[in-house]
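Chemist: Just passing along the structure, written as structure tokens.
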Amino acid sequence: MLRRISFTAFFLLLITPAFSQNLNHLKVELLAEQTSVQPGGAVTVAFHFRMQKGWHIYWQNPGDSGQAPSITWTLPEGFTAGDILWPTPQRITLPSLADYGYTNEVVLMVPIHAPPGLKPGHFVRFSAHIRWLVCNEICIPGDMSFNVRLVIKNKKPKLNSRHEFLFQTARRGLPAEAPDNWRINGSIGKKEFHIDVDTGASVSKTATALFIPLHQNQIENGPAQIFKPAGSTLQLAVKKSDQLSKDLQNLEGVLVVKDKKSTKGYNVTVPLTNE
């Protein structure tokens, strides 16, 4: 499916340590969780996106269309930025297709590691250029540059009280590692993958589960996944992609489990056997 594309302007902004700007159909700000940097320690920064109703941005695997946000960092010597910590995504359905991403708002956290030997009392500046695609019936690419300036202190950094709750909430939204007692198995049929997750506990009759693949061209994203609870086991049938590699050994992704009280994502690796 092709979508009409419009283009946004480029923005260059200085923030200390947070700034926000209204753009086409979203608002974005860069926040720092800590108020300082400790030599040899780490700080976490985050891009807080708030989208207009009906608009969305994308997960690391965008699904059938779209593009995930990407960040280019310019950091002082010795500093390194980790990968984006991706919250559990939503499945966003389109006619015959499906994307994976975020509606309303999302916080994309990034850890930044500091080298030892920094001089207390000095300041460091982190520069980030982020690009995204925000979509509804059309897609609009956008980009922005930010600078974060933090002081170096030779002690554990304090949390920024203004953003503490936002970061706590964001961490709760990250996929958890699958519990050690889960037994996860999968098989490859002629047209489907079959995924069985034995949780070791009775599965609620009102529970649902959805598998979101980490990699593209493994499953057909559009068709509904067939879910069935069976005792302590979550059973899913997921249609295979026509572009599937023949030597696929595992499915990696996020298993999203919902019940009446909560929605929780789990990072899973599903070993595959032939049926």
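Chemist: For Gly222, what residues show an amide H to amide H distance below 5 Å, using hydrogens built from the backbone and excluding near sequence neighbours?
Modeler: Placed amide hydrogens put Ala98 under 5 Å from Gly222.
Chemist: Okay, moving on. Cross-link partners among lysines for Lys239, C-alpha distance below 18 Å, same-chain residues fewer than 8 apart left out?
Modeler: Within the straight-line limit of under 18 Å, Lys239 reaches these lysines: Lys190, Lys191, Lys228.
Chemist: Between segment 245-264 and segment 67-133, what is the separation of their alpha carbon centroids in Å?
Modeler: 23 Å
Chemist: May I pose another question? Under a point spin-label approximation (7 Å from Cα along Cα-to-Cβ), what is the Arg172-Lys205 distance to one decimal in nm?
Modeler: It is 3.0 nm.
Chemist: Tell me which label goes with the value of Cα Rg over 2.2 N^0.38 Å computed from the coordinates here: [x] 1.30; [y] 1.12; [z] 1.01.
Modeler: Evaluating Cα Rg over 2.2 N^0.38 Å on these atoms matches [y].
Chemist: Mind checking the full-extension length gain between Ile138 and Gln52? Use 0.36 nm per residue of separation minus the Cα-Cα distance, one decimal, nm.
Modeler: Contour length minus the Cα-Cα distance gives 29.6 nm.
Chemist: Further, regarding this structure: Taking Rh as the Kirkwood radius, which is the inverse of the mean 1/r over Cα pairs, what is the Rg/Rh value for segment 10-172?
Modeler: Values: Rg = 16.5 Å, Rh = 16.5 Å.
Radius of gyration over Kirkwood radius for segment 10-172 works out to 1.00.
Chemist: Could you derive backbone 3J(HN,Hα) for segment 265-275 from the dihedral phi with the Karplus parameters 6.51, -1.76 and 1.60 (θ = phi - 60°), listing whole Hz in sequence and x where the residue is Gly or Pro?
Modeler: Karplus-based 3J(HN,Hα) across segment 265-275 equals x, 10, 6, 9, 10, 9, x, 10, 10, 7, 6 Hz.
Chemist: Could you pull out every one of the aspartates and glutamates with an alpha carbon less than 16 Å from that of Lys158, ignoring same-chain neighbours closer than 8 positions?
Modeler: Glu33
Chemist: Only Cα pairs under 8 Å and at least 6 apart count here; give the relative contact order of segment 18-96 as a rounded whole percent. Working shown, then result.
Modeler: Working: 70 pairs, mean separation 14.3, N = 79.
Relative contact order comes out at 18 percent.
Chemist: Ok, one more. Grab the Cα-Cα distance for Gln67 and Glu252, subtract it from 0.36 nm times how many residues apart they are, and report the gain in nm with one decimal.
Modeler: Result for the pair: 64.7 nm of gain on full extension.
Chemist: Can I ask one more? Starting with the highest mean, order 27-37, 115-125, 147-157 by the number of other Cβ atoms within 10 Å, averaged over the residues of each peptide.
Modeler: 27-37, 147-157, 115-125
Chemist: Just want to confirm a number: the relative contact order over the chain, from Cα pairs under 8 angstrom separated by 6+ residues, in percent.
Modeler: Averaging sequence separation for qualifying contacts and normalising by length gives 20 percent for the chain.
Chemist: Still on this structure: So what is the relative contact order of segment 176-274, in percent, for Cα pairs below 8 Å that sit 6 or more residues apart?
Modeler: Relative contact order comes out at 35 percent.
Chemist: State which entries of Lys119/Lys155; Lys205/Lys260; Lys205/Lys261; Lys240/Lys264 exceed 18 angstrom in Cα-Cα distance in the structure shown.
Modeler: From Lys119/Lys155; Lys205/Lys260; Lys205/Lys261; Lys240/Lys264, over 18 Å: Lys240/Lys264.
Rule-based calculations on the coordinates, nothing more; no lab input. Here the structure is a predicted model, which means the values were calculated and not measured. Cβ: placed from backbone, ideal geometry, glycine included. Neighbour counts: every protein chain shown.
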